[in-house]
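Undergrad: First the structure, which I've put down as structure tokens, then a few questions once you've had a look.
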Amino acid sequence: MKKYDLIVIGGGAGGLTVAAGGGMMGGKVALIERDRLGGDCLWHGCVPSKAFIEGSKIIHYGKKSTELGLNISGDVHIDKILGRVNKSIKRIEEHDSVEVFKKLGVDVYLGTGSFKNKNEVLIDDKESIYGKRIIIASGSSPKIPEDFLKSDIEYYTNETIFQLKEKPKSLLIVGCGPIGLELAQSFNRIGSHVHIIQRGKEILKKEDRDIAHGIFRILTSEGVNIYTETTIKDLKKENSVIGVTLKQKEKEINLTVDGVLVAVGRKNNLDGLKLEQAGIQNNGRFIPVNKYLQTRVKNIYAIGDINGQYPFTHVANYEGKIAVSNALLGFKRKTNYDNVPWVTYTDPEIFHLGLREEDAVRRFGDNINIYKLKLDEVDRFIADRDDEGFIKIITDKKGYILGAHALGKGAGDWMQTIVFAKTFKHRIGDLYTPIYPYPTHVEALNKISSQYWKEKLAGAPSKIIEKYIKWFR
């Protein structure tokens, strides 16, 4: 039986971070992946979806060239867009290849890993390997409602939607979360007639309400049909199309669509791990861990989606860095999720960091300040003729940042300065100090931070300064 300092189960974002870090530290590392390295993010999630979104943007903004006297006609060839998607995947795949990890000294096993005991892992229920420490990074998969599992209706998920052979003339998307809304907008922009439904009253329930309402208005203005408080009453195959009956409160809505995309969330990949063999507890949804990312069995760690914290690639990478140093070097580094940002890649993009306004009010009452800036007050957005959106920053009374949210072109990039500011406990007023190149989108942060100083200098302080100026010679 081969023995390792560290066994990693799962070759997605978190697992690859751990394996690479362990190999570079000089540890004897085994990496087990049932299929191919890269995980959901590379093959079905972040990479293909962003490449698809970019392709749809080209179409959308190309049509706007009519303002400049250029007329574009013709139908979109989805195979061309998906060709761009596949090229992106192949380029990034080179960084995650088996050969790359072998060069780092990592033994890669392609097969299904399951526990034999707290130190031994079986590969495809055959070969057994031993690990002093084990890190579970098995990720998640699309969650499919029971009604779809029992139905004979074919449906798409994020794992299959990028394998389309033809562009659907009409598409029903179930779920108004980030994946659903990103793809709803993209398919609408390439010419599909899109309907998207949400069981609850609000879309994007984890976002600030002003942000959610803003993107709702933008998407519906582009032609996306969004139905809230709506469920599926019936689905029927009708020759080459699907007949859909929706129930929205007391009324029914009948649609005919070419395809259905299920995007109601994720379920963690617990099945097949045989966690009970190692004495690992789980609640049927995720594996609980402590602040060091250890399970109840202290030599076994869990990172990424599987531990139920945040289902983001960047969080899995963050946890991977902590887990590998704790597991291999015996460090006691703690996780801290206070400054986890995320982005929803609609157009305009949605940026999220920290508390929403409603959370801040619930926690601190009136002891907060809220600063808002519309992007049509920022010269670069005006020059781009793309000034839809706003920034909202929530602080305590001393100016320390509690939450920051934005809806705007490229917000996922130009709002990164505020991640640094919150992480290192800067006040909102500190964003006014740096010199920002003009004209750039980040000038928005300069402008919103000026509101803080305007507020500080109002009233009594301004009168004192006025007297000082008169006195000063």
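Undergrad: Which of the residues spanning region 124-137 are surrounded by fewer than 19 Cβ atoms within 10 Å (Cβ to Cβ) and on the phi < 0 side of the Ramachandran plot?
TA: Start the filter on region 124-137 by keeping residues that are surrounded by fewer than 19 Cβ atoms within 10 Å (Cβ to Cβ), which leaves 124-128, 130, 132.
Hits for region 124-137 are Lys126, Glu127, Ser128, Tyr130, Lys132.
Undergrad: Within region 17-71, restricting attention to residues that are out of contact with any helix residue (DSSP H, G or I) (no Cβ under 6 Å at 6 or more places or on another chain) and at positive phi, which residue is surrounded by the fewest Cβ atoms within 10 Å (Cβ to Cβ)?
TA: Here the answer is Gly69.
Undergrad: Let me ask you something else. Determine whether region 171-191 contains at least one residue that is more than 23 Å from Gly408 (Cα to Cα), of a type outside the set (A, V, I, L, M) and either surrounded by 20 or more Cβ atoms within 10 Å (Cβ to Cβ) or in contact (Cβ under 8 Å) with a residue 24 or more places away in the chain (or both). Walk me through it before giving the result.
TA: First, the residues of region 171-191 that are more than 23 Å from Gly408 (Cα to Cα): 171-174, 191.
Filter once more, keeping what is of a type outside the set (A, V, I, L, M): 191.
Okay, now just the ones that are also either surrounded by 20 or more Cβ atoms within 10 Å (Cβ to Cβ) or in contact (Cβ under 8 Å) with a residue 24 or more places away in the chain (or both), so 191.
The answer is yes, given that some residue of region 171-191 is more than 23 Å from Gly408 (Cα to Cα), of a type outside the set (A, V, I, L, M) and either surrounded by 20 or more Cβ atoms within 10 Å (Cβ to Cβ) or in contact (Cβ under 8 Å) with a residue 24 or more places away in the chain (or both).
Undergrad: Still on this structure: Could you check how many residues of region 22-35 are under 21 Å from Leu270 (Cβ atoms) and either among the polar types (S, T, N, Q) or assigned to a loop (DSSP other than H, G, I, E, B) (or both)?
TA: Number of matching residues: 2.
Undergrad: Follow-up question, since we're still on this one. With polar (S, T, N, Q), assigned by TED's automatic domain parsing to the domain that holds Asp305 and in contact with a Pro (Cβ under 8 Å, 6 or more places away or on another chain) as the only criterion, which of Ser88, Ser56 stands out? Explain how you work it out, then say what you get.
TA: Working: Ser56 fails: in contact with a Pro (Cβ under 8 Å, 6 or more places away or on another chain).
Step by step, each of Ser88, Ser56 is checked, and only Ser88 is polar (S, T, N, Q), assigned by TED's automatic domain parsing to the domain that holds Asp305 and in contact with a Pro (Cβ under 8 Å, 6 or more places away or on another chain).
Undergrad: Scanning region 7-21 for residues that are in a helix (DSSP H, G or I) and touching a Leu at 6+ places or on another chain (Cβ under 7 Å), which turns out nearest to Ile136 (Cα to Cα)? I'd like the intermediate steps shown before the answer.
TA: Quick first cut of region 7-21, residues in a helix (DSSP H, G or I) only: 13-21.
Among the residues that remain, those that are also touching a Leu at 6+ places or on another chain (Cβ under 7 Å) are: 15-16, 19-20.
Working: Gly15: 8, Leu16: 11, Ala19: 12, Ala20: 15 Å.
Applying the filter and picking the extreme gives Gly15.
Undergrad: Additional query: Within region 74-88, is even one residue surrounded by 13 or more Cβ atoms within 10 Å (Cβ to Cβ), within 21 Å of Leu328 (Cβ to Cβ) and of a type in the set (Val, Ile, Thr)?
TA: No.
Undergrad: Mind listing just one residue for me: the one in region 419-449 that is part of a helix (DSSP H, G or I) and touching a Gly at 6+ places or on another chain (Cβ under 9 Å) and, of those, farthest from Arg217 (Cα to Cα)? Don't jump to the end; show me each part of the working.
TA: First, the residues of region 419-449 that are part of a helix (DSSP H, G or I): 419-423, 428-432, 443-449.
Checking which are touching a Gly at 6+ places or on another chain (Cβ under 9 Å) leaves us with 422, 428-430, 444, 449.
Values: Lys422: 30, Ile428: 29, Gly429: 31, Asp430: 33, Ala444: 22, Ser449: 27 Å.
Filtering first and then ranking leaves Asp430.
Undergrad: Taking the residues in region 135-163 that are within 23 Å of the chain's Cα centre (by Cα) and aliphatic (A, V, I, L, M) as candidates, determine which candidate is nearest to Asp35 (Cα to Cα).
TA: At the first step, the residues of region 135-163 found to be within 23 Å of the chain's Cα centre (by Cα) are 135-145, 155-163.
Checking the rest, the ones that are also aliphatic (A, V, I, L, M) come to 135-137, 144, 161.
Details: Ile135: 18, Ile136: 16, Ala137: 14, Ile144: 21, Ile161: 19 Å.
Only one residue tops the list, namely Ala137.
Undergrad: If you don't mind, there's one more thing I want to ask. Restricting to region 206-233, count the residues that are part of a helix (DSSP H, G or I) and among the hydroxyl-bearing types (Ser, Thr, Tyr).
TA: First, the residues of region 206-233 that are part of a helix (DSSP H, G or I): 209-222.
Checking the rest, the ones that are also among the hydroxyl-bearing types (Ser, Thr, Tyr) come to 220-221.
Within region 206-233, residues that are part of a helix (DSSP H, G or I) and among the hydroxyl-bearing types (Ser, Thr, Tyr) number 2.
Undergrad: Residue check, Ile173 against (1) more than 22 Å from Lys64 (Cβ to Cβ); (2) part of a loop (DSSP other than H, G, I, E, B), all met but one. Which one?
TA: (2)
Undergrad: Residues of region 443-473 being closer than 23 Å to Asp338 by Cβ and modelled with pLDDT of 95 or more, which ones?
TA: Start the filter on region 443-473 by keeping residues that are closer than 23 Å to Asp338 by Cβ, which leaves 445, 448-449, 452.
Leu445, Ile448, Ser449, listed by residue number.
Undergrad: Out of (1) more than 15 Å from Gly139 (Cα to Cα); (2) crowded, with 20+ Cβ neighbours inside 10 Å, the odd one out for Glu358 is which?
TA: For Glu358, the exception is condition (2).
Undergrad: So, one more: Of the residues Ile211, Ile196, only one is under 22 Å from the mean Cα position of the chain (by Cα) and without any contact (Cβ under 8 Å) to a residue 40 or more places away in the chain; which?
TA: Values: Ile211 fails: without any contact (Cβ under 8 Å) to a residue 40 or more places away in the chain.
One residue alone meets the criteria, Ile196.
Undergrad: So Leu31 clears everything in (1) out of contact with any Cys (no Cβ under 8 Å at 6 or more places or on another chain); (2) aliphatic (A, V, I, L, M); (3) at pLDDT 95 or above; (4) closer than 26 Å to Gly180 by Cα except one condition, right? Which one?
TA: Of everything listed in (1) out of contact with any Cys (no Cβ under 8 Å at 6 or more places or on another chain); (2) aliphatic (A, V, I, L, M); (3) at pLDDT 95 or above; (4) closer than 26 Å to Gly180 by Cα, Leu31 misses just condition (4).
Undergrad: Would you confirm whether or not region 1-15 contains a residue that is at pLDDT below 95, of a type in the set (A, V, I, L, M, F, W, C), more than 19 Å from the chain's Cα centre (by Cα) and under 30 Å from Ile300 (Cβ atoms)?
TA: The answer is yes, given that some residue of region 1-15 is at pLDDT below 95, of a type in the set (A, V, I, L, M, F, W, C), more than 19 Å from the chain's Cα centre (by Cα) and under 30 Å from Ile300 (Cβ atoms).
Undergrad: Could you say which residue among Ser186, Ser138, Ser128 is polar (S, T, N, Q) and in a strand (DSSP E or B)?
TA: Values: Ser186 fails: in a strand (DSSP E or B); Ser138 fails: in a strand (DSSP E or B).
The unique qualifying residue is Ser128.
Undergrad: Run Phe162 past the list (1) under 28 Å from Trp342 (Cα atoms); (2) of a type in the set (A, V, I, L, M, F, W, C); (3) without any contact (Cβ under 8 Å) to a residue 24 or more places away in the chain and report the number of the one that doesn't hold.
TA: Unmet condition: (3).
Undergrad: Sticking with this structure for a sec: Pick from region 323-334 the residues that are in contact (Cβ under 8 Å) with a residue 12 or more places away in the chain and surrounded by fewer than 17 Cβ atoms within 10 Å (Cβ to Cβ): which of them is farthest from the chain's Cα centre (by Cα)?
TA: If we filter region 323-334 for residues that are in contact (Cβ under 8 Å) with a residue 12 or more places away in the chain, which is where we start, we get 323-329, 332-334.
If we keep only those that are surrounded by fewer than 17 Cβ atoms within 10 Å (Cβ to Cβ) too, we end up with 329, 332-334.
Details: Leu329: 30, Lys332: 28, Arg333: 25, Lys334: 23 Å.
This residue is Leu329.
Undergrad: While we're on this one: Determine if region 138-148 includes at least one residue that is farther than 26 Å from Ile322 by Cβ, free of Cβ contacts under 8 Å to residues at least 60 places away in the same chain, of a type outside the set (Ser, Thr, Tyr) and surrounded by fewer than 17 Cβ atoms within 10 Å (Cβ to Cβ). Please lay out each step first, then the result.
TA: Let us first name the residues in region 138-148 that are farther than 26 Å from Ile322 by Cβ, namely 142-148.
In the following step, the residues that additionally are free of Cβ contacts under 8 Å to residues at least 60 places away in the same chain were identified as 146.
Of the ones still in play, those that are also of a type outside the set (Ser, Thr, Tyr) are 146.
Okay, now just the ones that are also surrounded by fewer than 17 Cβ atoms within 10 Å (Cβ to Cβ), so 146.
Yes, that holds for at least one residue.
Undergrad: Which numbered condition trips up Gly320, out of (1) part of a helix (DSSP H, G or I); (2) surrounded by 21 or more Cβ atoms within 10 Å (Cβ to Cβ); (3) not assigned by TED's automatic domain parsing to the domain that holds Trp43?
TA: With respect to (1) part of a helix (DSSP H, G or I); (2) surrounded by 21 or more Cβ atoms within 10 Å (Cβ to Cβ); (3) not assigned by TED's automatic domain parsing to the domain that holds Trp43, Gly320 is out only on (3).
Undergrad: In contact with a strand residue (DSSP E or B) (Cβ under 7 Å, 6 or more places away or on another chain), crowded, with 23+ Cβ neighbours inside 10 Å and either in a helix (DSSP H, G or I) or not aliphatic (A, V, I, L, M) (or both) - does that describe any residue in region 196-205?
TA: yes
The values are calculated or read from the model by the stated rules, or taken from the named source; none is laboratory data. Predicted, not measured: the structure shown is a model, and the values here were computed from it. Note that each Cβ is placed from the backbone with ideal geometry, even for glycine, and that neighbours are counted across all protein chains shown.
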